[in-house]
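See below for the structure under consideration.
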């Protein structure tokens, strides 16, 4: 008879966390400190932090309860130093308050989707499998991918594909989806991927990725309100950092990276007070300093070991006093 832990481990995919060494370096980990992993996933980054310094504690947030179970089993050996919370990091400050956390030494957000979701979730994240169109990372979201594909207006689909994945053929794809759903509806990932691929002229198919990649990304972002959540969570994270604490954010596409980059810029000091004043009175003192002037990316050796790291970008800020 299998143990409960063994049953959980069967769910584990082969996800490799990206930029691990760079995260450990840029978190500037201190003894006896508390860190938050806002996107726990299978626990790869949290495990690296716990192994790096045996005196630190980590609280991990994960909105998908199935993958959270994987992480809890994987990190069971760190009992007393690790705790997981079933939640979206949209609720970061309220979660911290619930657990009596007033400030932390570092926060990590790895915005990528785990290999688990593609390979094991059965929720239609991958066009390589024939699954129902869901794409919800948690039950907190009411609208699934099928609702978007079958009921959103053509103009709204165009807007989503343009804004959330910068798809050049957004109008052609949206038109093909609307025409196809009038006949019998669109119910599976295979159906949708075929429709999208047929809408894009073959000569414009990307050489190394499926032509439906951008469309699937855009739908997933819309389902899970990923950009709205990110925009809300970034200021919450900064407000939780103690002076000298750092926020590390890993993005995987230009839209997320732009949001992070622009937000960090707004929180940099822009004081215009005369230098002789003992303190800022203009109301623009800022909250952070930027540690990474340019985003940190994976080197060739990591890309070779872990191809999903190719598009990863790490940006880091440090909380000012």
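Quick notes
- All conditions in (1) at positive phi; (2) outside the structural domain of residue 267 (by TED's automatic domain parsing) hold for residue 175, with the sole exception of (1).
- Qualifying residue in segment 20-41 (condition: touching a strand residue (DSSP E or B) at 6+ places or on another chain (Cβ under 8 Å) and modelled with pLDDT under 95): yes
- Considering 236, 276, the condition of being surrounded by 13 or more Cβ atoms within 10 Å (Cβ to Cβ) and out of contact with any strand residue (DSSP E or B) (no Cβ under 8 Å at 6 or more places or on another chain) is satisfied by 236 alone.
- Residue list for segment 96-122, filter: surrounded by 17 or more Cβ atoms within 10 Å (Cβ to Cβ), part of a loop (DSSP other than H, G, I, E, B) and in contact with a strand residue (DSSP E or B) (Cβ under 8 Å, 6 or more places away or on another chain): 111, 112
- Residue within segment 51-58 that is assigned to a helix (DSSP H, G or I), touching a helix residue (DSSP H, G or I) at 6+ places or on another chain (Cβ under 8 Å), in contact (Cβ under 8 Å) with a residue 12 or more places away in the chain and surrounded by fewer than 17 Cβ atoms within 10 Å (Cβ to Cβ) present: yes
- Just so you know, in segment 153-181 the residues that are surrounded by fewer than 20 Cβ atoms within 10 Å (Cβ to Cβ) and not in a helix (DSSP H, G or I) include one that is farthest from the chain's Cα centre (by Cα), and it is 153.
- Odd one out for residue 70, checked against (1) farther than 17 Å from residue 220 by Cβ; (2) assigned to a loop (DSSP other than H, G, I, E, B): (2)
- Odd one out for residue 223 among (1) in a loop (DSSP other than H, G, I, E, B); (2) at pLDDT 95 or above: (1)
- Among the conditions (1) more than 24 Å from residue 21 (Cβ to Cβ); (2) in contact (Cβ under 8 Å) with a residue 40 or more places away in the chain; (3) not assigned by TED's automatic domain parsing to the domain that holds residue 163, residue 265 misses just one, which is (2).
The values are calculated or read from the model by the stated rules, or taken from the named source; none is laboratory data. The shown structure was predicted, so the numbers you read here are calculated from the model rather than taken from an experiment. Neighbour counts run over all protein chains shown; Cβ positions are idealised from the backbone, glycine included.
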